[in-house]
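Asker: Here it is: the structure, laid out below.
The values are calculated or read from the model by the stated rules, or taken from the named source; none is laboratory data. On a predicted model such as this, the values are computed, not experimentally measured, just so you know. Please note: Cβ atoms are built from the backbone with ideal geometry, for glycine as well, and neighbour counts cover all protein chains shown.
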Amino acid sequence: MRRMAVILSGWTLWRIRHDGTERTQLTQFPGEANKPKWSPDGSKIVFEGKPEGRPPNIYVVNVEGGPWQELLPSGRNHRSPDWSPDGKSIVYATPRFRKEDPPEDSGIFVLNLKTRKVTRLPKSEGMMDPRFSLDGRYLAALSEDQTKIMLFDMQARDWKEIAHGKVLNHLDRTSEGDYFYFQEVSDKGVPVYRVRVGTWKLESVLSFESLAEPTIVKYRFIGLLQNGSPMVLATRGGYDIYALDLDLP
């Protein structure tokens, strides 16, 4: 697959080729689109959308474009969607709005697209960025305080910690399913790490310390290409100098 789904200016959802050509806006969503994920069969894209004046929810659109479909009832925060490996379900996170809210109201949920039944993973309150392993046995998620990568074993029905840090960001999975990637945004060089599925060995992937340019103020890991290469959003800063003629009375 040489195409990818990206969010461009104005929080709009587009399909483009890896070289940046053939840009196609997929849908006219009335708000902010974010975190698109391509379905396993390549036919649909699920994304997090925040309509004007409403909480974020989960939506799906055809890869060729067209109308979007809202997958869950509105009125609650639903975020960070991803596909199950067989494409039959969507996993997503519902953050805790207040600490005194019941734990069962937040966490990681799985929506069966055929039956519309929603199942909550036990002890998942406050977790975010859920990502399945390719075989569907494991699900990794980012802890609420962004200091741990937690792993849920679908067979053992329990969680364990597979990585930790100071401020972790954007958990993702390679298309081959052999690694989970994430970024440590508080360390020098805002490095990207990965954990190998099965052995759970932590590996350093890259650091932006040696790549830093004076005009770039932030490097943010935003996903992975089909070949496993990290995608990075580089935010440029700086100032323009203008000359003004002022006529006073």
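Asker: Given the conditions (1) at pLDDT 90 or above; (2) surrounded by 14 or more Cβ atoms within 10 Å (Cβ to Cβ); (3) assigned to a loop (DSSP other than H, G, I, E, B), and given that S175 satisfies all but one, which numbered condition is not satisfied?
Answerer: It is condition (1) that S175 fails.
Asker: Next question, about the same structure. Go over the candidates E100, E64, E32, E104 one by one and state the one that is closer than 23 Å to L8 by Cβ, of a type in the set (D, E) and over 18 Å from the mean Cα position of the chain (by Cα).
Answerer: From the options E100, E64, E32, E104, the qualifying one is E64.
Asker: Another question, then. Since G223 meets every condition but one in (1) modelled with pLDDT under 95; (2) on the phi < 0 side of the Ramachandran plot; (3) not in a loop (DSSP other than H, G, I, E, B), which condition does it not meet?
Answerer: (2)
Asker: Still on this structure: I'd like the full set of residues that are out of contact with any Asp or Glu (no Cβ under 7 Å at 6 or more places or on another chain) and surrounded by 13 or more Cβ atoms within 10 Å (Cβ to Cβ), limited to segment 1-16.
Answerer: R3, M4, A5, V6, I7, T12, L13, W14, R15
Asker: Would you pick out the residues in segment 132-157 that are touching a residue at least 24 places away in the same chain (Cβ under 8 Å) and surrounded by fewer than 14 Cβ atoms within 10 Å (Cβ to Cβ)?
Answerer: D135, G136, R157
Asker: Moving to a separate point now. Of the residues L113, L71, L121, which single one is of a type in the set (A, V, I, L, M, F, W, C) and under 23 Å from N169 (Cα atoms)?
Answerer: Checking each option against the conditions leaves just L121.
Asker: Select the strands (runs of 3 or more DSSP E) contained entirely in segment 106-147, then report the ones holding at least 3 residues which are under 24 Å from P40 (Cα atoms) and among the hydrophobic types (A, V, I, L, M, F, W, C).
Answerer: Passing ranges, in order: 107-112, 138-142.
Asker: Among the residues of segment 14-24, are any touching a Gly at 6+ places or on another chain (Cβ under 8 Å) and aliphatic (A, V, I, L, M)?
Answerer: Checking segment 14-24: not a single residue is touching a Gly at 6+ places or on another chain (Cβ under 8 Å) and aliphatic (A, V, I, L, M).
Asker: Something else now. Assuming P85 fulfils every condition listed in (1) farther than 18 Å from A140 by Cβ; (2) part of a loop (DSSP other than H, G, I, E, B) apart from one, which condition is it?
Answerer: (1)
Asker: So A156 clears everything in (1) in a strand (DSSP E or B); (2) over 20 Å from the mean Cα position of the chain (by Cα) except one condition, right? Which one?
Answerer: Result: A156 passes all but (1).
Asker: Now for a different question. I'm checking my understanding of the structure. Among residues of segment 30-47 that are among the small types (G, A, S) and in a strand (DSSP E or B), which one is farthest from Q226 (Cα to Cα)?
Answerer: Step by step, filter segment 30-47, then rank; the result is G31.
Asker: Also: For segment 106-128, check the following and say yes or no: at least one residue is among the basic types (K, R), surrounded by 15 or more Cβ atoms within 10 Å (Cβ to Cβ) and modelled with pLDDT of 95 or more.
Answerer: Within segment 106-128 (the criterion being among the basic types (K, R), surrounded by 15 or more Cβ atoms within 10 Å (Cβ to Cβ) and modelled with pLDDT of 95 or more), the answer is yes, since at least one residue qualifies.
Asker: Is at least one residue of segment 89-104 over 26 Å from P30 (Cα atoms), in contact with a strand residue (DSSP E or B) (Cβ under 7 Å, 6 or more places away or on another chain), in contact (Cβ under 8 Å) with a residue 12 or more places away in the chain and not in a loop (DSSP other than H, G, I, E, B)?
Answerer: yes
Asker: Show the residue pairs that are 6+ apart or on different chains and have beta-carbon atoms under 9 Å apart, the first residue being within segment 43-61 and farther than 14 Å from W14 by Cα, the second being in a loop (DSSP other than H, G, I, E, B) and among the polar types (S, T, N, Q).
Answerer: P51/S74; R54/S74; P55/S74; P55/N77; P56/N77; N57/S74; N57/N77; Y59/T27
Asker: Among the listed residues T21, T27, which satisfies the condition of being in a loop (DSSP other than H, G, I, E, B), touching a strand residue (DSSP E or B) at 6+ places or on another chain (Cβ under 7 Å) and either under 22 Å from E176 (Cβ atoms) or of a type in the set (V, I, T) (or both)?
Answerer: None of the others qualify; the one that does is T27.
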